[in-house]
Amino acid sequence: MAENKHWGRRTGLMLLGILLIGLCVAFYRLAAFGVDAFTGMNLGISLFLGWSFGNWQLVANILILIVVFFTVRKYIGFGTLVNMVCVGYIADFVCWLVQDKAQWEYGMPMRIVFLVIAQFFASLGVALYMKADMGLSPYDSVAPIIEKISKGKIPFQYARIGSDITAIIIGIVFCLLSGNKIWVVVGIGTVTNAFLNGPLIKWFGKYLDKWIPEGDAHADS
């Protein structure tokens, strides 16, 4: 009975985290100040290919997942599958709802609010589903892998910054190849995400460690 209780709590943390990540991607796109690094890479490639963002993000996750499977497969779990399938489509749905259905009229102040919300959701969302320990998204597995391979010489937050910068460069290249301006995928929001996301994930993780005891999150592992 206790195991079911803890599994339910971990599942709740994982689902909430992934929901926040999907919302963060949507808010970055609505803010139009540039998207987060992984979204920027996938958005640039999807524009180049002429695919929907959600469809390409799923394919990109599958490709990275193959690498993770043959390197550090312990990071793969139920949360991995939920993340790689749902985040892109959550973002597509929210953007469709706001832009095509609600048809909100919002200016610079609201865009700034969207940007702040996006960064908050991005970091808290990742910290929540990492705390659930039910598997990382393929992309979020990259920084822990780098940290492990370097034997801690490259801490998580710096490994995350490095992987984010690499993703941004790829997104810019494909965006330009598609004939779009780079501001579609990169901007002040991209820069703040690349440099703040790793440290904020680390900070939220420490906060969650105090709020949710380690035994509660992993009792059924």
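Hey, can you tell me all the residues within the range 45-62 that are closer than 20 Å to Ile90 by Cα and aliphatic (A, V, I, L, M)? Break it down into steps so the answer makes sense when it comes.
Kept after step one, since they are closer than 20 Å to Ile90 by Cα, are these residues of the range 45-62: 45-47, 50-62.
Of everything in the range 45-62, those that are closer than 20 Å to Ile90 by Cα and aliphatic (A, V, I, L, M) turn out to be Ile45, Leu47, Leu58, Val59, Ala60, Ile62.
Looking at (1) under 22 Å from Leu65 (Cβ atoms); (2) crowded, with 24+ Cβ neighbours inside 10 Å; (3) not charged (D, E, K, R), can you tell me which one Thr166 breaks?
(2)
Going through Leu63, Leu13 one at a time, which residue ends up being at pLDDT below 90, more than 19 Å from Leu97 (Cα to Cα) and not hydroxyl-bearing (Ser, Thr, Tyr)?
Numbers: Leu63 fails: at pLDDT below 90.
Going through Leu63, Leu13 in turn, just one is at pLDDT below 90, more than 19 Å from Leu97 (Cα to Cα) and not hydroxyl-bearing (Ser, Thr, Tyr): Leu13.
I'd like the full set of residues that are buried (at least 23 other Cβ atoms within 10 Å of the Cβ) and closer than 14 Å to Val82 by Cβ, limited to the range 115-138.
If the condition is that a residue be buried (at least 23 other Cβ atoms within 10 Å of the Cβ) and closer than 14 Å to Val82 by Cβ, then Gly125, Val126, Leu128, Tyr129, Met130, Ala132, Met134, Gly135, Leu136, Ser137, Pro138 are the ones that fit.
Quickly run through the range 179-195 and pick out the residues that are among the polar types (S, T, N, Q) and not in a loop (DSSP other than H, G, I, E, B).
Within the range 179-195, Thr190, Thr192, Asn193 meet the criteria.
With the structure loaded, tell me whether Ile45 is among the β-branched types (Val, Ile, Thr) and farther than 22 Å from Ile188 by Cα or whether it fails that test. Spell out the reasoning first.
Working: among the β-branched types (Val, Ile, Thr): yes; farther than 22 Å from Ile188 by Cα: no.
The answer is no for Ile45.
Restricting to the range 177-221, name every residue that is at pLDDT 90 or above and buried (at least 16 other Cβ atoms within 10 Å of the Cβ).
Ser178
Of the residues Ala32, Ala26, Ala60, only one is surrounded by fewer than 24 Cβ atoms within 10 Å (Cβ to Cβ) and closer than 21 Å to Val82 by Cβ; which?
Ala60
So is Tyr139 closer than 21 Å to Ser163 by Cβ and at pLDDT below 85 or not?
Answer is no for this residue.
Can you tell me which residue within the range 83-99, out of those that are crowded, with 17+ Cβ neighbours inside 10 Å and aliphatic (A, V, I, L, M), is nearest to the chain's Cα centre (by Cα)?
Val87
Is it the case that the range 159-178 has a residue that's hydroxyl-bearing (Ser, Thr, Tyr) and assigned to a helix (DSSP H, G or I)?
Step one: list which residues in the range 159-178 are hydroxyl-bearing (Ser, Thr, Tyr), which gives 163, 166, 178.
Remaining after also requiring assigned to a helix (DSSP H, G or I): 163, 166.
Checked against the condition, which is being hydroxyl-bearing (Ser, Thr, Tyr) and assigned to a helix (DSSP H, G or I), the range 159-178 yields at least one hit.
The values are calculated or read from the model by the stated rules, or taken from the named source; none is laboratory data. Please read all numbers here as calculations on a predicted model, not as lab measurements. Here the Cβ is made from the backbone with ideal geometry for all residues, glycine too, and neighbour counts use every protein chain on show.
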